[in-house]
Amino acid sequence: MKYLKILKTTKALFYLNTAIWFLFGVTILGGIFGTLAVQGYVRVIIALLMFGNAAAMFLAGWGLGRDSRWFYILALMVIIVNIALTFTDQVGLLDWITLGIDLILLVLLVSFRKAFTLKTD
């Protein structure tokens, strides 16, 4: 029972991160709020990277609890890469929010490893 609650919380945080990164991508692609005063193709590349990150977050969250070490490893790698890349660009409020979510996810993934490798579906 304890593991199921941890698993659901972790999946919810992955899906929250998915939504944030998807909205980042839409914002960048659409030039909403005057973001990134750069050439159109650069905005498209940056938006595609954000959509890719959102897809990786979704896949990692979806795969947890499916009795697969590979999905657990994927989730761990996605979070580690996101934490590492947080400081490679300008860091704003949404970066700090996603960093906080990523750090919580990292702690959950490492502390409760069994919860993510047990089959629940």
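The values are calculated or read from the model by the stated rules, or taken from the named source; none is laboratory data. It should be emphasised that the depicted structure is a prediction, and the values quoted were computed from it without experimental measurement. Note: ideal-geometry Cβ built from the backbone for every residue, glycine included; neighbour counts use all protein chains shown.
The residue that is farthest from residue 113 (Cα to Cα), among those in region 56-102 that are assigned to a helix (DSSP H, G or I) and of a type in the set (D, E, K, R), is 95. Just to be sure, is residue 73 under 14 Å from residue 13 (Cβ atoms) and modelled with pLDDT of 90 or more? So residue 73 fails the test.
Return yes when residue 36 is touching a helix residue (DSSP H, G or I) at 6+ places or on another chain (Cβ under 8 Å), in a helix (DSSP H, G or I) and modelled with pLDDT under 95 and no when it is not. Spell out the reasoning first.
Numbers: touching a helix residue (DSSP H, G or I) at 6+ places or on another chain (Cβ under 8 Å): yes; in a helix (DSSP H, G or I): no; modelled with pLDDT under 95: yes.
In short, no.
Residues in region 47-79 that are touching a strand residue (DSSP E or B) at 6+ places or on another chain (Cβ under 9 Å) and of a type in the set (S, T, N, Q): 68 alone.
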